[in-house]
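What follows is a short report on a single structure.
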Amino acid sequence: MIGKNEVATPNSDQPMENIRPQNIYEALLIQRIDPVSEIAVMENGYETLHDAKGHRVLQEDYELTVIRRYEKGCTQVCAERPWLERKIIFGRTDLKPHRQYIYSEDGTVATDAKYAEYKDFEGVNFPSRIEIFRPQEEYDITLNMLKVDINKPLTDDQFVLAQPAGAVVVHLDRPQSSLVQPLENK
């Protein structure tokens with residue numbers, strides 16, 4: 001695929017074409033709170049669950065709301081318009097993040113990520129199941145971690161991908177009719 005990482009107009013016919021690496025990354029690894037450009041406010045909340053018999057059960061949690069004060073390099077005008085950036089939900093019993101909402105600047109949910117089944121991966125407690133839902137682009141992804149290598153050294157050749165024979169190049173910034181071109185014509 002060749003094109004920009006931003007989705008200008010979501011493709012509802014082919015929702016997989018709406019997937020962008022930065023959206024997976026921001027849901028996969030919860031970013032630290034930057035004290036210079038963000039404000040964090042904690043709230044006592046609860047989540048509605050259902051037990052085995054279908055009864056509603058309220059489970060208390062902590063909700064950390066993160067407000068973006070301004071973007072790097074912004075003028076005074078954007079500094080005066082803070083916006084809800086994300087909300088991270090922690091379980092009270094284990095203090096692990098179980099959900100994260102990431103918002104666009106207009107206040108709509110851009111990403112809804114759920115974290116479950118925490119396991120020990122080389123001494124690091126990490127969710128082995130991550131569900132990512134992107135309502136604007138109309139797709140969701142479930143990642144099941146079977147093996148997680150943390151802080152392993154990487155070499156440049158690990159990032160070189162050979163194109164398979166007969167592979168098709170998709171241009172994301174062109175109209176649908178001219179998206180696909182065989183590699184042989186390149």
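Using 0.36 nm per residue and subtracting the Cα-Cα separation, the extra length available between GLN22 and ASP149 on full extension is 43.7 nm.
Once the Cβ-Cβ distance between VAL160 and GLU122 is put in as r, and R0 is 25 Å, what FRET efficiency do you end up with, to the nearest 0.05?
Details: r = 26 Å, r/R0 = 1.05.
That gives a FRET efficiency of 0.40.
In this structure, the amide hydrogen of LEU143, modeled 1.01 Å from its nitrogen in the peptide plane, lies closer than 5 angstrom to those of ILE130, GLU131, ILE132, counting only residues at least 5 positions away or on a different chain.
Rounded to the nearest Hz, the phi-derived 3J(HN,Hα) couplings of segment 31-47 under the Karplus curve 6.51 cos²θ - 1.76 cosθ + 1.60 (θ = phi - 60°) are 6, 5, 8, 8, x, 7, 10, 10, 10, 10, 10, 9, 9, 7, x, 8, 10, where x marks glycine and proline. The HN-Hα couplings worked out from phi for segment 120-127 by the Karplus form 6.51 cos²θ - 1.76 cosθ + 1.60 (θ = phi - 60°) are 8, 10, 6, x, 10, 7, 9, x Hz, whole numbers, x standing for Gly and Pro.
In this simple spin-label model, placing a label point 7 Å from the Cα along the Cα-to-Cβ direction at both HIS171 and ASP106 gives a separation of 2.9 nm.
Sorted on the mean count of surrounding Cβ atoms within 10 Å across their residues, most packed first, peptides 119-131, 148-160 read 119-131, 148-160. Within the shell of other residues whose beta carbon sits under 14 angstrom from the beta carbon of GLU43, the net charge comes to 0, with Lys and Arg scored +1 and Asp and Glu -1. Counted by Cβ distance under 15 Å from ASP149, the other residues give a net charge of +1, where Lys and Arg count +1 and Asp and Glu count -1.
All of the numbers you see were taken from the coordinates with simple rules; none came from a lab. Bear in mind the structure is a predicted one, so any value in this text is a computation, not a measurement. Neighbour counts run over all protein chains shown; Cβ positions are idealised from the backbone, glycine included.
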